[in-house]
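Q: So that we are looking at the same thing, I have put the structure below in structure tokens.
The values are calculated or read from the model by the stated rules, or taken from the named source; none is laboratory data. These numbers come from a predicted model, not from an experiment. Cβ sites come from the backbone with ideal geometry, for glycine too, and all protein chains shown count toward neighbours.
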Amino acid sequence: MQQILIQSIRPMTTAHLAQTMTLMSLTVEELQQEIDTVLASNPALELVDERRCPTCHRLLTEKGPCPICSAPQNSGLSMDPVVFISPREDFYTSSENQEDYDREDDYSVNEEDLPSYVLRQIGPDLNPKERIIAAYLLTNLDEDGFITVNSLEVAQYFHVPLSTVEGVRRVIQKADPLGVGSVNPKEALLVQIDILSETQDVPELIRKIIEDEMDLLTHRQYNELAHKFNVSIRRIQNCVKYISENLNPFPARSHWGDIRHPGENSTQVYHQPDIIINYLNDKPENPLVVEIVIPLKGTLRINPLFKTALKEADEDKKEEWQNDLEKASLFIKCLQQRNHTIERLVQKVVVLQRPFITKGEKYLKPVTRVQISRELEVHESTISRAVSNKTVQLPNRRIIPLSSFFDRSLNVRSVLREIIGKEDKPMSDAELVNSLSKEGYNVARRTVAKYRAMEGILPAHLRNFSP
DNA sequence: CTATGGCACGGATT
DNA sequence: AATCCGTGCCATAG
């Protein structure tokens, strides 16, 4: 049961299948939560801080047996980010240089010590007991400022009512990196809106969007949103702009996704990317470095102590523990498979869409998930799940959904924008159709209208010559 | 009469 | 099986 070569994953139980399916479509953040809960509920699983092989002490970054001593390390899953480099066509996974790519960004604010920084602010407002709880909560923040423990457990641990813990948490949220200690971006945003609305008017629509349709927002389904709230896309885009200018879904990060794209009407997005693509050392002449972000540091593995304990366990406990063990190993397997699939997927996509990544939307090749799935020899729905909900950070620091790589019309839309930007007389939709066909894009008049709407470009008679 | 947006249909995609 | 997307037809605004 222990020899997990990636290839041997094929034959799997239905439980395995089901779990892989759910894991596959999760975001890093969601995955992190999932891992946390499993970790807390299943004693067979443990997270080792060490990234080294316990027997030979070699740095261990890849799944599979330890390369040096080939110790039976294979049940452990390294949770370090997967980094690989794309020189041109071929990839290799870099396990050696991996240290070099520790993300140096994002540590801009008073990074010395976020927990004590916050604690200092709120200390006076709390009684001693609450202060202890606060301190505990604050030590369990992740890099984004989100809480990583669940309040109920904390309450039990400290023998206080849940409401006390929640109360403390609420105080924390109002401290300086506004929204720290939230459980997710949504909560952080809501807290920020609460505070903001004390000093200025916040459009009700924004709150509603965040409250009810956070999903659509993070996935930037603006047309969908416009439809749901029965307002224009323009309106929604304004809201989004407001949100990205005034709110920060990741409290502990000072900025997320720079606004260094003045030319294009920047559709600002936030969200912790699942995949980060960058030039090596940020120099455009260098090859691309692709990093698949994986939550948690260290290695997730079956606790060896648990295994030995299992052998000597009482009969009645044995069954239950055995069960835990199987679940844990299943979980790890699924996780491995998830990572494996995503890695292969991203490799393919990066090679294919390199021009898009480096030169811009115009060069996006319209590719469907089906094509990729054929090339990778996996079921199309696997690709679907792997793609959905994930975001990618491009070298220019923009964060876009992974599904953009499969957008059938993005390139046309970008050419359309280009044309409209260049021509100084407002062209009617019909004329635009002509211009587009000259560029080699054949679309119907009606479709041009839709693209315009998607891009938030006004109709011809309302457009142009604003100053 | 022309330019657009709305509704709805069919085929492709997921 | 459900959803998305391009398109054609028609109503309406200018």
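Q: Using beta carbons and a limit of 6 Å, which pairs, at least six apart or on different chains, have the first residue in the range A:236-258 and more than 19 Å from A:P177 (Cβ to Cβ) and of a type in the set (S, T, N, Q) and the second one at pLDDT 70 or above and part of a loop (DSSP other than H, G, I, E, B)?
A: Filtered contacts from the range A:236-258: A:Q237/A:G456.
Q: Among the residues in the range A:347-365, are any on the phi < 0 side of the Ramachandran plot and touching a Gly at 6+ places or on another chain (Cβ under 8 Å)? Walk me through how you get there before you give the answer.
A: Just the residues of the range A:347-365 that are on the phi < 0 side of the Ramachandran plot, to begin with: A:347-359, A:361-365.
Retained after the next criterion (residues that are touching a Gly at 6+ places or on another chain (Cβ under 8 Å)): none.
Scanning the range A:347-365, I find no residue that is on the phi < 0 side of the Ramachandran plot and touching a Gly at 6+ places or on another chain (Cβ under 8 Å), so the answer is no.
Q: Modelled with pLDDT under 90 and near DNA strand B (Cβ under 10 Å from one of its atoms) - does that describe any residue in the range A:434-452?
A: Scanning the range A:434-452, I find no residue that is modelled with pLDDT under 90 and near DNA strand B (Cβ under 10 Å from one of its atoms), so the answer is no.
Q: Report, by residue number, each residue of the range A:350-372 that is away from DNA strand C (no atom under 14 Å from the Cβ), within 26 Å of A:T20 (Cβ to Cβ) and surrounded by fewer than 20 Cβ atoms within 10 Å (Cβ to Cβ).
A: A:V351, A:L352, A:Q353, A:Q371
Q: Something else: Please determine whether any residue of the range A:302-317 is part of a strand (DSSP E or B) and either more than 17 Å from A:S384 (Cα to Cα) or within 16 Å of DNA strand C (Cβ to nearest atom) (or both).
A: First, the residues of the range A:302-317 that are part of a strand (DSSP E or B): A:302.
Filter again for either more than 17 Å from A:S384 (Cα to Cα) or within 16 Å of DNA strand C (Cβ to nearest atom) (or both), leaving A:302.
Checking the range A:302-317: at least one residue is part of a strand (DSSP E or B) and either more than 17 Å from A:S384 (Cα to Cα) or within 16 Å of DNA strand C (Cβ to nearest atom) (or both).
Q: Next up: Given the criterion within 24 Å of the chain's Cα centre (by Cα) and away from DNA strand C (no atom under 11 Å from the Cβ), identify the matching residue among A:L458, A:L416, A:L394.
A: Of the residues listed, the single one that is within 24 Å of the chain's Cα centre (by Cα) and away from DNA strand C (no atom under 11 Å from the Cβ) is A:L394.
Q: Name the residue, out of A:R452, A:R463, A:R445, that is within 15 Å of DNA strand C (Cβ to nearest atom), of a type outside the set (F, W, Y), crowded, with 17+ Cβ neighbours inside 10 Å and over 30 Å from A:E291 (Cβ atoms). Talk me through it step by step, then tell me what you get.
A: Working: A:R463 fails: crowded, with 17+ Cβ neighbours inside 10 Å; A:R445 fails: crowded, with 17+ Cβ neighbours inside 10 Å.
Checking each option against the conditions leaves just A:R452.
Q: Here is a follow-up. Answer with yes or no whether A:V433 is under 30 Å from A:L26 (Cβ atoms) and either buried (at least 18 other Cβ atoms within 10 Å of the Cβ) or away from DNA strand C (no atom under 11 Å from the Cβ) (or both).
A: Numbers: under 30 Å from A:L26 (Cβ atoms): no; either buried (at least 18 other Cβ atoms within 10 Å of the Cβ) or away from DNA strand C (no atom under 11 Å from the Cβ) (or both): yes.
No.
Q: Return the residues of the range A:415-438 that are closer than 12 Å to A:I457 by Cβ and touching a Leu at 6+ places or on another chain (Cβ under 8 Å); say none if nothing qualifies.
A: A:L416, A:I419, A:I420, A:L432, listed by residue number.
Q: What single numbered condition from (1) within 26 Å of A:V370 (Cβ to Cβ); (2) within 11 Å of DNA strand B (Cβ to nearest atom); (3) surrounded by 14 or more Cβ atoms within 10 Å (Cβ to Cβ) fails to hold for A:T391?
A: Result: A:T391 fails condition (2) only.
Q: Out of the residues in the range A:360-378 meeting the condition of being part of a loop (DSSP other than H, G, I, E, B) and within 11 Å of DNA strand B (Cβ to nearest atom), tell me which one is nearest to A:V415 (Cα to Cα).
A: Going through the range A:360-378, the residues part of a loop (DSSP other than H, G, I, E, B) turn out to be A:360, A:364-368, A:377-378.
Applying the additional criterion that residues be within 11 Å of DNA strand B (Cβ to nearest atom) yields A:366-368.
Values: A:P366: 14, A:V367: 17, A:T368: 20 Å.
Across the range A:360-378, the extreme among qualifying residues is A:P366.
Q: Note down all Cβ pairs under 8 Å where the first residue falls in the range A:396-409 and is without any contact (Cβ under 8 Å) to a residue 60 or more places away in the chain, the second is aromatic (F, W, Y), and they're at least six residues apart or on different chains.
A: Listed by first residue and then by second, the contacts come to A:F405/A:F356; A:S409/A:Y451.
Q: Among the candidates A:S404, A:S414, A:S428, A:S381, which residue alone is within 13 Å of DNA strand B (Cβ to nearest atom) and over 27 Å from A:E30 (Cα atoms)? Don't jump to the end; show me each part of the working.
A: Working: A:S404 fails: over 27 Å from A:E30 (Cα atoms); A:S414 fails: within 13 Å of DNA strand B (Cβ to nearest atom); A:S381 fails: over 27 Å from A:E30 (Cα atoms).
Checking each option against the conditions leaves just A:S428.
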